[in-house]
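Encoded as structure tokens, the structure appears first; notes follow it.
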Amino acid sequence: MKRDHGWINPLQEEAENERMHLLIWMQHTKPTRLERAFVICAQGLYVAAYSVLMYLSPRTAHRTVGYLEEAAHRAYTDYLRAVDEGKIPNVPAGEVAKTYYRLDDSATLRDVILHVRADECMHRDFNHHLGDLYDNNEADEFPTKMDETMGLEEGQAAESSEEKSGRKAGKGRKRQSAATAEAAAATAGYSTQAAASNKNE
């Protein structure tokens, strides 16, 4: 047993966010008891398999989650496209989603998909970031926010241990920032498109 150096907090936040995704989609899809049973069984199998993987190779475990989140991002993009093309009705957003994301009363399914997809981007980057730390043998150092040292030039940071850790992980954060910026740009583009569509209607 050893100290986690503060890693438990961001990991708990990630788990809480995924829990809210489950509640949001449960309210939207209204699964039957049989479907709920399948979900519970799948969760149990995943927890068992992931626990073994985490014990054997934490690096591989976080990489696996990162790749799963990449797949989730692509799935939500396809979902969003289906809504935009009219293949899936753009129904009003559920109360859980509106409360959690602080959406307007006029929010729709499309708005929820955009927010959830943005969350998946962060989960993807966060787990790949953890994988990078394991690659560099820095997993036991204090956690850093993904945008803490963005834009710093070499030599500008002080020689404290935390800032050294931030510089070492800089490459990973640059990749994460670019991905996050790309997701934000896509979201803005989709929002502009939707606004134009609504105006034409």
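The values are calculated or read from the model by the stated rules, or taken from the named source; none is laboratory data. Just so you know, these numbers come straight off a predicted model, no measurement behind them. Here the Cβ is made from the backbone with ideal geometry for all residues, glycine too, and neighbour counts use every protein chain on show. Accessible surface areas use protein heavy atoms only, side chains included; no ligands, DNA or RNA. Shrake-Rupley method; radii C 1.70, N 1.55, O 1.52, S 1.80 Å.
Things to note:
- Cβ-defined net charge surrounding ILE88, 12 Å radius [Lys, Arg +1; Asp, Glu -1]: 0
- Classified by the C-alpha gyration tensor, segment 18-85 has an oblate form. Its axis ratio a/c, with a ≥ b ≥ c, is 1.5 or above, and a/b does not exceed b/c.
- Relative packing of 12-23, 111-122, which averages over residues the other C-beta atoms within 10 Å, highest first: 111-122, 12-23
- Efficiency of FRET from Cβ geometry, ASN9 and VAL39, R₀ 25 Å, rounded to 0.05: 0.40
- Once the 1.4 Å probe is applied to the protein heavy atoms, segment 76-134 comes out at 46 Å² accessible per residue.
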